[in-house]
1. Answer with yes or no whether Ala216 is surrounded by fewer than 24 Cβ atoms within 10 Å (Cβ to Cβ), outside any helix (DSSP H, G or I), among the hydrophobic types (A, V, I, L, M, F, W, C) and touching a Phe, Trp or Tyr at 6+ places or on another chain (Cβ under 9 Å).
2. Are any residues in the stretch 415-466 closer than 22 Å to Gly546 by Cβ, open to solvent by less than 30 Å² (accessible area, probe 1.4 Å) and in a loop (DSSP other than H, G, I, E, B), and if so, which ones?
3. Quickly run through the stretch 513-525 and pick out the residues that are surrounded by fewer than 18 Cβ atoms within 10 Å (Cβ to Cβ), touching a residue at least 60 places away in the same chain (Cβ under 8 Å) and part of a helix (DSSP H, G or I).
4. Could you tell me whether Leu22 is surrounded by fewer than 20 Cβ atoms within 10 Å (Cβ to Cβ), modelled with pLDDT under 75 and either touching a Ser or Thr at 6+ places or on another chain (Cβ under 8 Å) or not hydroxyl-bearing (Ser, Thr, Tyr) (or both)?
5. Restricted to the stretch 809-833, and to residues that are β-branched (Val, Ile, Thr) and either at pLDDT 85 or above or under 18 Å from Glu759 (Cα atoms) (or both), which residue is surrounded by the most Cβ atoms within 10 Å (Cβ to Cβ)?
6. Given the criteria within 26 Å of Gly457 (Cβ to Cβ), of a type in the set (A, V, I, L, M) and either at pLDDT below 80 or in a helix (DSSP H, G or I) (or both), does Leu133 qualify?
Amino acid sequence: NGNRPMEIYFLLLLVILMSAALASGYPVAFALPGSAILTIGAATLCGWLFAGDAGAYFAQGGPVEWLSAGVTNLRGVYWEVERDTLIAIPLFVFMGIMLQRSKIAEDLLVTMAQLFGPIPGGLGISVVFVGALLAATTGIVGATVVAMGLISLPAMLRNNYSHSLATGTIAASGTLGQIIPPSIVLIILADQLASAVDQASTLRKTDYKAATGDFALPSEFDVSSTSAGEMFLGAFIPGLVLVGIYMVYILTLSLIRPKMAPAVAFEGTFDRKFAGRVLLILVPPLALIFLVLGSIITGIATVNQAGAIGAAGALIMAGYRLKEGEKGAYTPTILAVLSIVAIVVIIRTFDTNIRSIDSASDVMGVTLAAIAVGILSFSLVWSGWRAYKIEDTLRGVMVDTAKTTSLVFIILLGAAMLTAAFRAFGGEELVKEFLTGLPGGFWGQFFIVMLVIFILGFFLDFIEIAVVVVPIVAPILLADPSANITAVWLGVMIGLNIQTSFLTPPFGFALFYLRGVAPSVVRTISMYKGVVAFISLQLIALVIVGLSPGMVNYLPNRLSLTSETAPPPLNPRLQYCVEQYVHERFQADGDAIRTAIADASTQDVSYLPKKLQRSVTQSFAKAGEAFELLDNVFATEAAMNQGAIAYRPLHRQVRGIERDIRRHEAEIEELETQKRRSRDDAEKERLQARIEKDKGEIEQLKTQMPANWADARKAFTKLLDDYKKARTAYQRNVDQAYAPIKELTAVLADTDKLAGFLEPLNAMKSRISSGEPKAVAEEVQQLSRQIRTVEGAGAVRSELSKVRRAMRAKTPDPAKAAEAIDKAIAAFTAELEWRKKAEAALKPAIARYDVVIRDTIGLRQLSRLPEEQALYIAGCNAGHRDISLNF
């Protein structure tokens with residue numbers, strides 16, 4: 001708009017102030033909000049002095065809107081329930097620092113070095129192994145690098161390890177805490193991406209409406225959200241891959257050049273005592289990792305609850321390590337373990353829900369559980385008291401936890417203020433215009449973003465990158481339907497990238513940490529040489545994960561589809577993969593399914609109620625048609641994909657032109673608003689000139705529209721509609737093919753339940769003539785509610801409703817009620833009669849038929865996905881599918 005140059009000047013001022021503050025060593029927590037406040041203040045003052053409007057030099061709103069955004073962000077960080085994931089940060093920080101301060105990490109390094117040392121490169125492999133374990137318990141890069149530098153580096157140098165390999169191994173292993181869960185990086189990224197997903201969803205809905213005219217975006221085309229738990233799951237396999245690559249590299253290098261990583265003979269003996277020490281030192285941390293990550297992966301605990309488990313476990317481990325060698329060192333730990341085992345057994349044996357206590361057994365279960373929890377609490381307090389009294393460990397851990405957590409939250413708030421200022425001066429729009437204007441589509445944008453993050457990693461900590469860069473670029477990347485990436489995948493890729501940048505000379509943070517504890521004999525240039533190989537390995541891992549999104553998306557999908565709260569097979573997001581699965585099953589087992597349909601269709605269903613008889617008969621015919629209809633789905637998809645080859649480049653060109661037109665139209669609308677508000681005639685003329693210029697650019701853009709666009713769009717839309725109609729026809733068909741079978745199975749399953757109401761119905765008949773009308777009406781209503789639980793007993797309930805209305809009338813009519821109860825009993829008798837016959841003659845055949853078709857034709861009608869289908873669909877949905885041609 002007319003003030004755009006001034007907005008850019010203030011945007012540059014914002015960036016310069018922030019960069020200068022960071023370069024000068026000013027604390028990040030104050031550099032971010034301070035640069036925002038100074039720039040906002042300068043823009044407000046200049047606008048008031050030179051334009052008579054405090055908001056004149058803002059692209060969006062003004063200083064009041066910026067202040068409102070700041071208050072909203074403050075409230076969001078501290079009070080919004082949806083952002084409670086941030087509570088996990090102090091818990092995991094406490095867990096990591098406690099394990100460091102109690103010297104459990106040191107024991108791990110020393111013992112693993114003794115265990116792996118005798119093999120070529122074994123000392124380096126042990127460092128990587130322990131680095132991975134520490135990453136899975138701390139997630140704090142600085143603490144891990146320093147600890148391993150102090151403990152492992154002297155040992156590696158004494159055993160003639162290459163200086164470059166030793167320092168490179170320690171620095172790279174220390175940064176594993178950035179990507180291996182539980183990681184603070186992943187928690188913060190999940191928090192930031194949750195907001196980015198909402199913005200991306202809005203952008204995608206806007207694009208869909210502009211392209212198709214439809215206001216409602218189909219849910220299968222919407223952006224998928226993420227959580228800290230899903231981020232942990234998504235990063236798990238990439239983290240293991242990275243560890244494996246490190247180990248393979250060290251082993252290979254030691255075999256090719258033995259002098260760089262010689263084997264280290266163990267001076268002791270590998271006897272039972274040594275094995276016991278290895279188990280004692282290795283099993284507790286592994287058990288803690290299993291409890292923390294396992295509870296998240298299995299869905300037993302949320303990330304916050306898992307953080308509490310980790311913090312408690314670290315405290316118990318510190319309790320015995322700080323008293324090592326003394327009598328009773330393991331007593332609180334043994335009590336804790338026994339109480340946990342007891343709690344698990346009690347929960348599996350008794351109903352421990354206090355609200356549902358209704359028997360002596362329930363009282364016993366709750367009492368035993370309370371005792372076990374009391375013992376566990378006592379062991380925690382005991383361990384905490386030890387940590388408090390011995391070397392003031394607990395106090396030091398709490399202080400460090402408070403410092404780290406405060407730093408994280410202050411930076412979150414400061415970055416939110418900076419981001420709001422960046423948006424206020426139109427920075428987000430500039431970034432969007434720049435990225436969308438890059439060649440190469442999504443991957444061109446993605447490469448530039450990753451490169452910028454990589455470079456920023458030289459200067460900024462991971463928190464600043466996560467909370468400053470991600471909110472700006474993530475919505476743009478997530479909204480792109482051509483890649484249709486998941487937020488989990490984007491978060492893991494950014495996490496891997498940040499980890500890589502922490503190693504890169506000359507500013508890599510891990511190098512600074514290691515330089516601070518490395519002896520002077522280790523030259524800085526050797527450290528730089530050492531990390532180059534590991535940077536290359538991390539870039540290889542980054543490419544592998546980028547090209548294999550299933551490595552990230554599979555575990556979150558699997559947990560989602562196999563959990564108690566799994567979406568039903570009817571969920572629109574699952575339909576594409578459901579059809580893929582059924583098609584494969586039709587190809588493999590089609591003959592058996594057809595035979596089952598043919599056999600079922602020969603069954604005598606003439607005695608069923610007419611409506612049910614008709615629907616069951618039609619269901620067999622519908623089941624037979626499913627094969628041809630699904631083949632048609634894949635045929636129309638193939639035709640659509642073939643047509644997309646020529647249409648996609650044209651579509652991309654036109655949508656780019658349309659985006660530019662919409663941008664100019666938005667500028668015109670804003671300029672018109674400014675023109676109406678302005679009282680300066682010269683200013684109005686300048687704004688009008690700008691409006692005319694934008695209109696001219698719009699006309700110029702319209703002339704660039706391809707001449708064949710309308711015909712090409714019409715032709716491809718026809719192919720797309722054919723595909724959608726084919727899918728709708730198939731889905732409607734299989735639903736109609738299985739729903740009657742599902743209904744009939746449920747009806748027959750309740751035959752005995754229905755038979756149990758014969759006596760209450762006969763008793764009700766005598767009550768009508770002898771009972772008080774209102775009381776009888778209540779009894780009838782109660783009986784009707786009980787019969788409601790029987791599938792297919794609607795005719796009986798209908799007659800009972802007539803009985804109730806007759807007895808509730810102003811003038812009760814026992815005769816009419818008696819007639820209705822007779823009809824109810826007659827309906828009951830007829831219902832029971834055909835059910836008994838069907839139960840003997842039809843139920844076994846229907847059961848056999850149901851077994852054959854349930855997981856294919858009937859899959860959409862199931863309440864949840866069976867395990868085989870859930871695992872298939874988790875893998876199918878793990879990839880990224882281009883959906884841009886639907887826009």
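The values are calculated or read from the model by the stated rules, or taken from the named source; none is laboratory data. Treat the numbers as computed from the prediction; the structure is a model and nothing was measured. Neighbour counts run over all protein chains shown; Cβ positions are idealised from the backbone, glycine included. Ligands, DNA and RNA are excluded from the accessible area calculation, which covers all protein heavy atoms including side chains. Shrake-Rupley method; radii C 1.70, N 1.55, O 1.52, S 1.80 Å.
1. Yes, satisfied.
2. If the condition is that a residue be closer than 22 Å to Gly546 by Cβ, open to solvent by less than 30 Å² (accessible area, probe 1.4 Å) and in a loop (DSSP other than H, G, I, E, B), then Gly457 is the only one that fits.
3. Answer for the stretch 513-525, where residues must be surrounded by fewer than 18 Cβ atoms within 10 Å (Cβ to Cβ), touching a residue at least 60 places away in the same chain (Cβ under 8 Å) and part of a helix (DSSP H, G or I): Gly516, Val517.
4. yes
5. Applying the filter and picking the extreme gives Ile821.
6. Yes, satisfied.
Residues checked against (1) among the acidic types (Asp, Glu); (2) surrounded by 18 or more Cβ atoms within 10 Å (Cβ to Cβ):
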| site | (1), (2) |
| --- | --- |
| Gly550 | no, yes |
| Asn553 | no, yes |
| Gln580 | no, no |
| Glu584 | yes, no |
| Thr595 | no, no |
| Ala600 | no, yes |
| Ser606 | no, no |
| Ala623 | no, yes |
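Each row is one residue, and each column tells you yes or no for (1) β-branched (Val, Ile, Thr); (2) surrounded by 15 or more Cβ atoms within 10 Å (Cβ to Cβ); (3) touching a Pro at 6+ places or on another chain (Cβ under 9 Å).
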| position | (1), (2), (3) |
| --- | --- |
| Val616 | yes, yes, yes |
| Phe627 | no, yes, no |
| Val633 | yes, yes, no |
| Thr636 | yes, yes, no |
| Asp681 | no, no, no |
